[in-house]
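Notes follow once the structure below has been shown.
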Amino acid sequence: MLQNNLKKLLGIGYPIIQGGMAHISTGVFAAAVSEAGALGTIATASRDDVYVREQIAAARKLTKRPFSVNIVLTNPYCKEIIDVVLNEGVSTVITGAGSPAPYMKDFLSNGCKVIPVVPHVRAAVKMEDLGAAAVVAEGGESGGHVGSVSTMVLVAMAADAVRIPVIAAGGIADGKGFMAAMALGATGVQMGTAFLATKECPIHPAYKERLLAAKETDSVVTGSGTKDPVRCIRNKLTDNYFEMARTQVPLDELMKPLTGSLLRAVAGDMETGSLQAGQIAGMLREIKTVRETIEDVMNGAEQALERLKKLDL
Ligand SMILES: Cc1cc2nc3c(=O)[nH]c(=O)nc-3n(C[C@H](O)[C@H](O)[C@H](O)COP(=O)(O)O)c2cc1C
């Protein structure tokens, strides 16, 4: 049997990562995921180093298991956050929105594993060359800020292009999706949307209800063609956005209602909030615990494998 080196690499029980989710995946939430055997991730988005230190402390009160910190490299507090992460001895960082190249030496000399999120194969190769421990290949069906290449294409091609572990993200919320990612060459998955529909997730109940009601066709991308494409569930905010885009209002006017819109959704504003979620929201039918979410994926993966073995191909 092939050894799953990702579990060993990250010190986790299941090859599942909870993706960092801005303003949502706090230290408490990440700790719940890590306690359930996957890798929890603290989001830091545009927050400062004081916030990050507090969140790491909150996680450590609740778990002795590993968790990661997601660092958005465009955050003006990025350098200070990295100092906190290294001082605190966090074992893994998941980076996004750019290249971690300027900080790689510091990360590696402190024994911190770096897992960049990549939207295309070229970036995966570059990150391997820089010394990344693994890459998250995130397809365009993901929730939040997205690239344009689908998970199906990206994971298969990235897995051929690099020797470090490839973690598939985008459109995975059950065992079938997990097993499909393994077939494409991934050794683990990162999920975001599936973790939104959990009891422990600190978003407003109305946001969770909307996720359960969503069909796969309710997923739209605001800001495509700009540097800020974001996948979310259709609502008044997005209807207005597309109407304004159709009438070709200036870009700053078009993008203005989107500013701070995830925070509004998290607080329960279903009209002017951005209900960030992936296409796979269409699959979500019930609010589960974090543990149930993880275990259902792993049990479903076994069933998917059994089915594959019976197929006469
Ligand atoms: C509400 C929301 C917020 C997100 N915020 C971040 C973030 O701050 N940093 C990041 O690297 N990825 C972010 N993501 C992406 C997730 O970490 C993950 O890669 C993605 O959700 C996987 O695709 P899925 O939603 O289909 O499971 C976010 C996703 C969602 C749904």
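Sort out which residues of the range 200-221 are of a type outside the set (A, V, I, L, M, F, W, C) and in a helix (DSSP H, G or I), and write them in order of number. Give the steps one after another, and end with the answer.
Step one: of the range 200-221, the residues of a type outside the set (A, V, I, L, M, F, W, C) are 200, 202, 204-205, 207-210, 215-219.
Once the filter is applied, which keeps residues that are of a type outside the set (A, V, I, L, M, F, W, C) and in a helix (DSSP H, G or I), the range 200-221 yields 205, 207, 208, 209, 210, 216, 217, 218.
All but one of (1) under 19 Å from residue 170 (Cα atoms); (2) touching a strand residue (DSSP E or B) at 6+ places or on another chain (Cβ under 7 Å) hold for residue 34, so report the exception by its number.
Among (1) under 19 Å from residue 170 (Cα atoms); (2) touching a strand residue (DSSP E or B) at 6+ places or on another chain (Cβ under 7 Å), residue 34 violates only (1).
Filtering the range 214-241 down to residues that are surrounded by fewer than 14 Cβ atoms within 10 Å (Cβ to Cβ) and without any contact (Cβ under 8 Å) to a residue 40 or more places away in the chain, which residue is nearest to residue 265 (Cα to Cα)? Talk me through it step by step, then tell me what you get.
Residues of the range 214-241 that are surrounded by fewer than 14 Cβ atoms within 10 Å (Cβ to Cβ), as a first pass: 215-217, 225-228, 236, 239.
Now restrict to residues that are without any contact (Cβ under 8 Å) to a residue 40 or more places away in the chain: 225-227, 236, 239.
Numbers: 225: 23, 226: 22, 227: 21, 236: 12, 239: 15 Å.
Of everything passing the filter in the range 214-241, 236 is nearest to residue 265 (Cα to Cα).
Please verify whether residue 136 is within 13 Å of the ligand (Cβ to nearest atom) and either assigned to a helix (DSSP H, G or I) or in contact with a strand residue (DSSP E or B) (Cβ under 7 Å, 6 or more places away or on another chain) (or both), treating the condition exactly as stated.
Values: within 13 Å of the ligand (Cβ to nearest atom): yes; either assigned to a helix (DSSP H, G or I) or in contact with a strand residue (DSSP E or B) (Cβ under 7 Å, 6 or more places away or on another chain) (or both): yes.
Yes; evaluated as a whole, the condition is true for this residue.
Filter the range 153-177 down to the residues that are within 13 Å of the ligand (Cβ to nearest atom) and touching a Gly at 6+ places or on another chain (Cβ under 7 Å) and list them by number. Steps first, answer last, please.
Of the range 153-177, the ones within 13 Å of the ligand (Cβ to nearest atom) are 154-155, 167-174, 177.
Passing the criteria: 154, 155, 167, 169, 170, 171, 174, 177.
Output the residues belonging to the range 197-240 that are over 17 Å from the mean Cα position of the chain (by Cα), among the charged types (D, E, K, R) and within 16 Å of residue 170 (Cβ to Cβ).
216
Which count do you get for residues in the range 242-264 that are assigned to a helix (DSSP H, G or I), loosely packed, with under 13 Cβ neighbours inside 10 Å and polar (S, T, N, Q)?
Total meeting the criteria: 0.
Determine, yes or no, whether residue 257 is under 23 Å from residue 204 (Cβ atoms), of a type outside the set (Val, Ile, Thr) and away from the ligand (no atom under 11 Å from the Cβ). Walk me through how you get there before you give the answer.
Details: under 23 Å from residue 204 (Cβ atoms): yes; of a type outside the set (Val, Ile, Thr): yes; away from the ligand (no atom under 11 Å from the Cβ): yes.
Criteria met by residue 257.
Would you pick out the residues in the range 124-133 that are within 15 Å of the ligand (Cβ to nearest atom) and either free of Cβ contacts under 8 Å to residues at least 40 places away in the same chain or over 21 Å from residue 16 (Cα atoms) (or both)? Steps first, answer last, please.
Filtering the range 124-133 for residues within 15 Å of the ligand (Cβ to nearest atom) gives 124, 127, 132.
Selection gives 127, 132.
Testing residue 293 on (1) free of Cβ contacts under 8 Å to residues at least 24 places away in the same chain; (2) within 30 Å of residue 200 (Cβ to Cβ), one condition comes back false. Which one is that?
For residue 293, the failing item is (1).
Residue 121 fails exactly one of the following numbered conditions: (1) within 14 Å of residue 164 (Cβ to Cβ); (2) in contact (Cβ under 8 Å) with a residue 60 or more places away in the chain. What is the number of that condition?
Only one criterion in (1) within 14 Å of residue 164 (Cβ to Cβ); (2) in contact (Cβ under 8 Å) with a residue 60 or more places away in the chain is unmet by residue 121, namely (2).
We did not get these values from a lab; they are worked out from the coordinates using the rules stated. It should be emphasised that the depicted structure is a prediction, and the values quoted were computed from it without experimental measurement. Note: ideal-geometry Cβ built from the backbone for every residue, glycine included; neighbour counts use all protein chains shown.
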